[in-house]
Amino acid sequence: MLIQIAHFLAILSTGLFLTTFVFSFLFTKKDRNITRLISRIYSHGFLMLTSSFFIYIWLALNDNFSVLYIAQHSNSQLPSFYKITSIWSAHEGSMYLWIVFLCLWGFLYSSYSPNDNILKARTIGVISLIAVGFLSFLLLTSNPFETILPIAPMDGADINPVLQDPALAIHPPMLYLGYVGFVIAFANAISFLINGDKSIKWEESIRIWSISAWVFLTVGIALGSWWAYYELGWGGYWFWDPVENVALMPWLAATAFIHSLSVSSKSQLLRIWTILLSIIVFSLSLFGAFIVRSGIIDSVHSFANDPERGLYLLSFTGLLVFSSLILFSYRLPLLTSKKLITPFSKESFISINNIIFGTLIFSTMLGILYPLIYEYLYLKKISVGAPYYNAIFVPATILACIFLFFSIDSKWQRTYRIINAYTSMFFSGIFSLAITISVMLYCVISDLWILVSLFTGLLIIIRYLFVIFEFLINKKYSNPYSIAAHIGLGLLIISISLNSQFSSERAINIKINGDDIYKDYRIKFDNLELIKMSNHDSVMASFIIDSPSGKTFVLNPEKRKYFTRGQITTETAIHATLLKDIYVTLGDQLDDGSWIVNIQFNYFIRWIWISALLMAISGSFLAFSLRGTSR
Amino acid sequence: MITLLRFIIFVIPISLISFLYFFINDNDYYPGADFKVSDMPAFELNSLYENSVVNNFDLEGSYLINVWASWCITCRIEHGFLVQLNSQNIPIIGLNYKDERNDAIEWLGKYKDPYRIIIHDYSGSLALDLGVTGAPETFLIKNGKIIAHFSGEVNKRVWGDVFAPVIKKEKVVWNDQI
């Protein structure tokens, strides 16, 4: 009965969202009362949808296996926490969560934005339209409420064991919050374009929404990367997997967007960029949903499915993208301003970097689609991997950082005179060069790109340290959030380049009680235990590792076999320090009784996530400082 | 300038979306289906009921292999359709995948048994050679060659979209002797 109620509430909310959409476009007069009416209908729709979702969580918690989806992805033996997270472990449930989050952003917007905001009614209308589109997709092609009747199975099929992990439990919700958070910027832009009154200043009010969404997206991507590192046992932090790329593209677009937005909200410049980017960010988020859920690309993330889903998502995304682009191009003359961008002003640097970000997005898109195009034309499968992306990302990122370096201390709408910042620029250059050269000599690095990246990262950090210094001495104001976020970027570039320079790995064959030496570390295979757990058997090895500095520690990598799905997983053992991780995975046993053990030294890998976290934290403080501006 | 911008913002998404549309609508493309022709791997495993051994030589001509397990919920949903296929004289070989013998026999007792022969692949060795990633999966074999492979639930629609065209094209004649 509860299942039918939840299903019915979801259908009801679709109807209410449709009503919201129709009303918002029917009433051309946008006074307070109409806006309030529209917000109210929307909020009721949201109430229905969340109630339905909470009932669904309740069903999962209580092992209601007459729901097909819960029977397929949960199990009565699971801890309650994973019973809830199993909801977003596959297509139907994660789509459901995606939609709930989409509507949640809309609900927050409708409650915080004042009713005399002339764009509010249509913005909510646009959000409702998107909600209707995706709810119909959910209910028609991937219904999570489908039941197994008359007899429910005794137990569920269990969640995929690699997904039974806290980082992965929160990675999808974070990522989805980020993806769909840009719906507010998108809907506002559309509402502004429909309205066509260019004197409306809407940019300032959506900064807080866009920056919050950007923070969620950043955290979501970083969590995914961290999870892949310790759970999949491949040892890297980024694999240029198509699904990582479809998350990276909206992130790049969103980064360009929030910069452009800060220009537009101050000076009404770069408005074309801002609106176009808001459309691009949201379209790329939808494109990501399409790629992952249509099954056209083989990836760790792909969901099993039927062709109708891909077709529906593609048509709906296409419809949204084209109607917004047609609207955009119709209003284009309105947006062009006679005022040219002053050369060497802050906005000039931001617009140059927008172009670089655009290039990166386009190249990533090409990297995702090229194998498909090739397969379509030549019926052969090829894959595009790290060398392609490195060849594009490294130089483009360095170039963007150089522009960033020059833009520090530049002025809004004024040519900036290099002489003002001459000293700090000169000294950051000298210091970075000195550090780079000493690292090069001390560690014997010969790869030019690594040296250049190292130099660029240092350049940014030291330049910003000068800014902080000037603030402390001369009380010269600078935006602290921007400083912290960009230092995070510098740190990220340094850690990535040092990681790729120093990290190394080796597979060794080792017998129990045998030992081996890798890079002055003595590795002794001490013991092998068979452990029986409630839902899996495990082989746990124990390695005693003596470091050259005389420290000794024990690492216990495992191989597990899960009963319900028969799946075998590798559990890595990691000894983490700030400088490097010692990362051990247990491979297969050979016929002579020895084991293949893979040992990796991953340098500066923690710093990659620390810098991503630093960016996210400064973003969230910035968003917090903007509270009140949404009015 | 405006014309150029208009041109760019339309050409890229139009070409992108129309390409993806053609890709999805392509006849050969069907999520989960794979039509690469490969050899049926050699194997020798116990059968599920009596402890007799089954190997390649027992299986000749054209037949289906269906990978299933008692722990697999989707297999239960698929089951009804397999019973229907069996009643149309289509020989289905069951590959019981990583499953306890007793659980599997009990499962078949509870529902109907649509399989002519059931191979008990406890360690998943044949499944590994076949490239199975989960259950259920279904293979179409003709004279020792795998000519179609589908991952996921086979139902009336998948049968019509994936298997029926191959059966017609390759002029498959089912081996009724199995």
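For segment B:76-105, name all the residues that are part of a helix (DSSP H, G or I) and farther than 23 Å from A:THR147 by Cα. Even if it seems obvious, please write down each step before you answer.
In the first step, residues of segment B:76-105 are kept if they are part of a helix (DSSP H, G or I); the result is B:76-87, B:101-105.
Scanning segment B:76-105 gives B:LEU85, B:ASN86, B:SER87, B:ARG101, B:ASN102, B:ASP103, B:ALA104, B:ILE105.
Being within 14 Å of another protein chain (Cβ to nearest Cβ), assigned to a loop (DSSP other than H, G, I, E, B) and among the β-branched types (Val, Ile, Thr) is the filter; apply it to segment A:324-368 and report the residue that is nearest to B:PHE7 (Cα to Cα). Looking at residues that are within 14 Å of another protein chain (Cβ to nearest Cβ), assigned to a loop (DSSP other than H, G, I, E, B) and among the β-branched types (Val, Ile, Thr), I get A:THR336.
Residues of segment A:523-545 that are at pLDDT 90 or above and either under 30 Å from A:LEU78 (Cα atoms) or among the charged types (D, E, K, R) (or both): A:LYS524, A:MET540, A:ALA541, A:SER542.
Scoring B:THR133 on the criteria (1) of a type in the set (Val, Ile, Thr); (2) surrounded by fewer than 16 Cβ atoms within 10 Å (Cβ to Cβ); (3) within 22 Å of A:PHE65 (Cα to Cα) leaves a single failure, condition (3). Against the conditions (1) within 12 Å of another protein chain (Cβ to nearest Cβ); (2) surrounded by 15 or more Cβ atoms within 10 Å (Cβ to Cβ), B:ASP103 satisfies every one except (2). Search segment A:298-313 for residues being touching a Ser or Thr at 6+ places or on another chain (Cβ under 7 Å) and part of a helix (DSSP H, G or I), and hand back the single one that is modelled with the lowest pLDDT. Checked segment A:298-313; the qualifying residue modelled with the lowest pLDDT is A:GLU308.
Per the listing A:LEU252, A:LEU232, A:LEU223, A:LEU286, the residue uniquely within 14 Å of another protein chain (Cβ to nearest Cβ) and in contact (Cβ under 8 Å) with a residue 24 or more places away in the chain is A:LEU286. The selection criterion, being in a strand (DSSP E or B) and in contact with a Pro (Cβ under 9 Å, 6 or more places away or on another chain), holds for B:LEU64. Going through segment A:372-395 one residue at a time, which ones are away from every other protein chain (no Cβ under 11 Å) and either aromatic (Phe, Trp, Tyr) or surrounded by 16 or more Cβ atoms within 10 Å (Cβ to Cβ) (or both)? Once the filter is applied, which keeps residues that are away from every other protein chain (no Cβ under 11 Å) and either aromatic (Phe, Trp, Tyr) or surrounded by 16 or more Cβ atoms within 10 Å (Cβ to Cβ) (or both), segment A:372-395 yields A:TYR374, A:TYR378, A:VAL384, A:TYR388, A:TYR389, A:ILE392, A:PHE393, A:VAL394.
Here is a yes/no grid of residues against (1) surrounded by fewer than 17 Cβ atoms within 10 Å (Cβ to Cβ); (2) at pLDDT below 85; (3) among the acidic types (Asp, Glu):
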site	(1), (2), (3)
A:ILE296	no, yes, no
A:LEU319	yes, no, no
A:SER323	yes, no, no
A:ILE326	yes, no, no
A:LEU332	no, no, no
A:PRO343	yes, yes, no
A:SER348	no, no, no
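Given the criteria in contact with a strand residue (DSSP E or B) (Cβ under 9 Å, 6 or more places away or on another chain) and modelled with pLDDT of 85 or more, does B:SER15 qualify? First the steps, then the outcome.
Numbers: in contact with a strand residue (DSSP E or B) (Cβ under 9 Å, 6 or more places away or on another chain): no; modelled with pLDDT of 85 or more: yes.
It is false that B:SER15 is in contact with a strand residue (DSSP E or B) (Cβ under 9 Å, 6 or more places away or on another chain) and modelled with pLDDT of 85 or more.
Is at least one residue of segment B:21-36 without any contact (Cβ under 8 Å) to a residue 40 or more places away in the chain, hydrophobic (A, V, I, L, M, F, W, C), within 10 Å of chain A (Cβ to nearest Cβ) and surrounded by 12 or more Cβ atoms within 10 Å (Cβ to Cβ)? Within segment B:21-36, one or more residues are without any contact (Cβ under 8 Å) to a residue 40 or more places away in the chain, hydrophobic (A, V, I, L, M, F, W, C), within 10 Å of chain A (Cβ to nearest Cβ) and surrounded by 12 or more Cβ atoms within 10 Å (Cβ to Cβ).
Being over 17 Å from A:LEU78 (Cα atoms) and of a type in the set (A, V, I, L, M, F, W, C) is the filter; apply it to segment A:146-169 and report the residue that is nearest to the other protein chains (Cβ to nearest Cβ). Of everything passing the filter in segment A:146-169, A:ILE148 is nearest to the other protein chains (Cβ to nearest Cβ). Flag not set for B:GLU153, criterion: closer than 23 Å to B:ASN46 by Cβ and either facing chain A (nearest Cβ under 10 Å) or within 11 Å of the chain's Cα centre (by Cα) (or both).
Take segment A:440-465 and flag every residue that is in a helix (DSSP H, G or I) and surrounded by fewer than 19 Cβ atoms within 10 Å (Cβ to Cβ).
A:MET440, A:LEU441, A:TYR442, A:CYS443, A:LEU448, A:TRP449, A:LEU451, A:VAL452, A:LEU465
Residue-wise test of (1) touching a residue at least 40 places away in the same chain (Cβ under 8 Å); (2) within 14 Å of chain A (Cβ to nearest Cβ).
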| residue | (1), (2) |
| --- | --- |
| B:LEU4 | no, yes |
| B:SER15 | no, yes |
| B:ASP39 | yes, no |
| B:PHE43 | yes, no |
| B:SER87 | no, no |
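On the given criteria, is B:SER52 surrounded by 12 or more Cβ atoms within 10 Å (Cβ to Cβ) and either modelled with pLDDT under 85 or more than 11 Å from chain A (Cβ to nearest Cβ) (or both)? No.
Residues of segment A:146-156 include none that is modelled with pLDDT under 75 and touching a strand residue (DSSP E or B) at 6+ places or on another chain (Cβ under 6 Å). Residue count for segment A:62-87, restricted to those that are aliphatic (A, V, I, L, M), within 12 Å of chain B (Cβ to nearest Cβ) and either without any contact (Cβ under 8 Å) to a residue 24 or more places away in the chain or more than 15 Å from A:GLN4 (Cα to Cα) (or both): 1.
Being modelled with pLDDT of 80 or more, within 12 Å of another protein chain (Cβ to nearest Cβ) and closer than 27 Å to B:VAL173 by Cβ is a condition met by at least one residue of segment B:60-73. All conditions in (1) in contact with a helix residue (DSSP H, G or I) (Cβ under 7 Å, 6 or more places away or on another chain); (2) assigned to a helix (DSSP H, G or I) hold for A:PHE469, with the sole exception of (1). Could you please find all residues in segment A:547-601 being within 14 Å of another protein chain (Cβ to nearest Cβ) and of a type in the set (Phe, Trp, Tyr)? Passing the criteria: A:TYR562, A:PHE563.
Anything in segment A:494-528 that is part of a loop (DSSP other than H, G, I, E, B), out of contact with any strand residue (DSSP E or B) (no Cβ under 6 Å at 6 or more places or on another chain) and either crowded, with 17+ Cβ neighbours inside 10 Å or in contact (Cβ under 8 Å) with a residue 60 or more places away in the chain (or both)? List them, or say none.
Start the filter on segment A:494-528 by keeping residues that are part of a loop (DSSP other than H, G, I, E, B), which leaves A:503, A:511-514, A:519-520.
Going one step further and asking which of them are out of contact with any strand residue (DSSP E or B) (no Cβ under 6 Å at 6 or more places or on another chain), we end up with A:511, A:513, A:519-520.
Selection gives A:LYS511, A:LYS519.
The values are calculated or read from the model by the stated rules, or taken from the named source; none is laboratory data. Everything quoted here is computed from the prediction, not taken from an experiment. Note that each Cβ is placed from the backbone with ideal geometry, even for glycine, and that neighbours are counted across all protein chains shown.
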